[in-house]
């Protein structure tokens, strides 16, 4: 395999593959923040559902904290939920069929109806939390989350400044953001949900700060130092549909 082929093999396709059928969920993801740290694959492999393993970039796994505003959600074409903010802690997965995805460890949201519906319909680990995202002038963004009781009081807060110019993603930035699926335990097996949306319009971020225990409460040994990748996007409209074949 030549160098160019090897590079292409380690990153997902630029454009989402065709969906296997009608979307179960159509949802807006606006003002998205992506913070990522490298982690030792052996320290997180126990967090992956059956039939999946860490998807590695040059031998390294990554944990991400991703936050965005959800202005609308449509389930089978019906608008059932109002707007809410979401913050998730995630790892990146691949299964025995070579299907890449996201494994969500925690998904904090400030809408109890959205949390309840998502847990019932998809089995995803949504948690009801006080979550707030703010965008200010000159590219400044900030956010915070505090998990509600009786759940463990995990918390986090962050701030950054998004650069004005749109970024041409590096292979690592593309690997971390172009994830066209997710793996989750559902209906007594690990399932792969297909995710489709336009490619992210990414802006690199500077003046990044983060503090909190969201990663450690999700089961990841807290990485040291600043995130190695910090990005912002104005957002996309995403479609999600389950596949029947287990991982």
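The values are calculated or read from the model by the stated rules, or taken from the named source; none is laboratory data. This is a predicted model, so every value here is computed, not measured. Because the Cβ atoms are built from the backbone with ideal geometry, glycine has one as well, and the counts that use them run over all protein chains shown.
Points worth noting:
- Out of 114, 142, 154, sole residue that is surrounded by 15 or more Cβ atoms within 10 Å (Cβ to Cβ), at pLDDT below 95 and over 28 Å from residue 194 (Cα atoms): 154
- Looking only at residues in the stretch 68-94 that are modelled with pLDDT under 95 and over 25 Å from residue 134 (Cα atoms), the one that is nearest to the chain's Cα centre (by Cα) is 75.
- Residues of the stretch 236-247 satisfying the condition of being surrounded by fewer than 21 Cβ atoms within 10 Å (Cβ to Cβ) and closer than 21 Å to residue 106 by Cβ: 238, 240, 242
- Those residues of the stretch 196-232 which are in contact with a helix residue (DSSP H, G or I) (Cβ under 8 Å, 6 or more places away or on another chain), within 19 Å of residue 92 (Cβ to Cβ) and part of a strand (DSSP E or B), in sequence order: 229, 231
- Residue 22 meets the conditions (1) outside any strand (DSSP E or B); (2) within 28 Å of residue 207 (Cβ to Cβ) in every case but one. The failed one is (2).
- Residue ID - surrounded by the fewest Cβ atoms within 10 Å (Cβ to Cβ), chosen from residues in the stretch 161-198 that are under 30 Å from residue 119 (Cβ atoms) and more than 17 Å from the chain's Cα centre (by Cα): 188
- A count restricted to the stretch 40-59 and to residues that are outside any loop (DSSP other than H, G, I, E, B) and under 12 Å from residue 90 (Cα atoms) stands at 3.
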